[in-house]
Amino acid sequence: MRSLLALLALASLIGCAAAGDDDDSASPGVVYQLTPGDAVDAEPNDSVAAAQDLGVLTAPFSLTGSSLGCGENGTWDTADHDWFRFSPASGDPITLDLSMWEGDLDMAVLDSDGQLIVDGATAGLDDETLQIALDPEASWLLRIRCWQGKPGALWRLRLR
Ligand SMILES: [Ca+2]
Ligand SMILES: [Ca+2]
């Protein structure tokens, strides 16, 4: 699965000559590739019902993936939604850092009923950070989706 994802990411990046993201090193001919995290975005995970179960997470932890599609014209219709289910190892505050390449991604944490707890959406291409303390006895949902950018936009989430 990991090699497939790497291949997909590679395929989507080859030929992307325009440097339109927040990575100053972006230049034609450069192929971006992410070292897979402790867990990797596995499609299909496009709904709460299909959320990928990450189990109990202990910092430091990393999750990598790609947004196969991004939103267009102010809607999410064409965006790849990536849903994950997890429980923190403790009730201590955790920090979630989302780094992204080739897209403007948003992340949010929701409760198991799908009620929004915290939304990290900020306009623009800056990386996003959330700090939150969650009940370890409950399970929580993490949603990552691409508002605008290139299909195949890569992302890395770090839990610390
Ligand atoms: Ca995805
Ligand atoms: Ca997905």
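What follows is calculated from the coordinates using simple rules that are stated; it is not laboratory data. The model shown is predicted, which means the values in this text are computed figures rather than measured ones. Every residue, glycine as well, gets a Cβ built from its backbone with ideal geometry; the counts of neighbours run over all protein chains shown.
Would you calculate the volume per residue, in Å³, of the smallest convex hull containing every Cα atom of segment 34-160?
Working: hull volume 11.9 nm³, N = 127.
Enclosed volume per residue, from the Cα hull, is 93 Å³.
In nm, to one decimal, how far is the E43 label point from the R85 one, both placed 7 Å along Cα→Cβ?
With each label placed 7 Å out from Cα toward Cβ, I get 2.2 nm.
Could you work out the local net charge near A59, counting Lys and Arg as +1, Asp and Glu as -1, over the other residues with Cβ closer than 13 Å to its Cβ? Intermediate results must be reported in sequence, preceding the final value.
Working: positive: R158, R160; negative: D38, D92, D97.
So the surrounding residues net to -1.
Listing V48, V56, V40 from the residue with the fewest other Cβ atoms within 10 Å to the one with the most, what is the order?
In order of increasing Cβ crowding within 10 Å: V56, V48, V40.
Within 15 Å, Cβ to Cβ, of G74, how many net charges do the neighbouring residues add up to if Lys/Arg are +1 and Asp/Glu are -1? Working shown, then result.
On the way: positive: R145; negative: E72, D77, D104, D106.
Neighbour charge sum, excluding G74 itself: -3.
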